[in-house]
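Presented below is the structure to which this report refers.
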Amino acid sequence: MFISLGYTYKDGEEIIVKGYILHPHNTRETWIVLKDILLVDIYSEPHYRTIEEINIRRVLEHVYNRHLPGLRVPSSYVYYIDRENKAFHLNFHYRRKILFKNQSIKVKNYFLDEINEYNPEHASRIVLANEMIQKLK
C-alpha cells in the first residue's frame, strides 16, 4: 500500500516522503519502505532531499501512530532507498507515551545501516520489496 508521509515547517515548506507498507506472503512481518523525499516550497520547484536532512522521527511516528496503530513494532522492518538505489535498514528505539495504548509510539533515536553482502537477510527483503513496489505502480 502506498502512503504519503511528511510534515510542514512553520514557514510553509513541506517535506513529503513516499512510503510503502508491504505485507509479504508467508511471513508475519510488515515492511515499511521510504523513498523519494521531497522538499516542497510554494515559491520554487520541489527538491529531493536525503534522509539525513529531515526529521525522520516525525515520519516514523506518523507511520506507526496514524497508519499502523496496534502493529507490534518488533514485527516490522523499516527501509530507506535513496535516489541512487542504495538501500538502508533503519533501526530505531522507541517508547510508548501512554502505557498499553498502541497509538502512542515516541521514537527516541535511530540509525541507518547500509544494506550490503554482510546482511543478506535485509538484502533479500529489499529485492522482494522492490518487486512488490513495482507491482503497485
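The values are calculated or read from the model by the stated rules, or taken from the named source; none is laboratory data. Quick caveat: nothing in here was measured; it's all calculated off a predicted structure. Here the Cβ is made from the backbone with ideal geometry for all residues, glycine too, and neighbour counts use every protein chain on show.
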Taking region 93-112 only, how many residues are at pLDDT 90 or above and surrounded by 14 or more Cβ atoms within 10 Å (Cβ to Cβ)? 2
When both residues are 6+ apart or on different chains and their Cβ atoms are under 7 Å apart, which pairs have a first residue that lies in region 49-72 and is over 19 Å from F2 (Cβ atoms), and a second that is of a type outside the set (V, I, T) and in a loop (DSSP other than H, G, I, E, B)? T50/D82; G70/N102
Strands (runs of 3 or more DSSP E) wholly inside region 32-137 containing at least 3 residues that are closer than 16 Å to I16 by Cα: 47-49
Pull up region 113-126, narrow it to residues that are more than 10 Å from A87 (Cα to Cα) and free of Cβ contacts under 8 Å to residues at least 24 places away in the same chain, then point me to the one that is surrounded by the fewest Cβ atoms within 10 Å (Cβ to Cβ). E117
Filter region 47-92 down to the residues that are hydroxyl-bearing (S, T, Y) and touching a Leu at 6+ places or on another chain (Cβ under 8 Å), then identify the one that is surrounded by the fewest Cβ atoms within 10 Å (Cβ to Cβ). Y48
Among residues belonging to region 28-46 that are of a type outside the set (D, E) and surrounded by fewer than 12 Cβ atoms within 10 Å (Cβ to Cβ), point out the one that is nearest to Y80 (Cα to Cα). R28
For region 1-22, which residues satisfy the criterion of being more than 17 Å from R66 (Cα to Cα) and either in contact with a helix residue (DSSP H, G or I) (Cβ under 6 Å, 6 or more places away or on another chain) or not in a strand (DSSP E or B) (or both)? Y9, K10, D11, G12, E13
At pLDDT 85 or above, charged (D, E, K, R) and in a loop (DSSP other than H, G, I, E, B): does that describe R28? yes
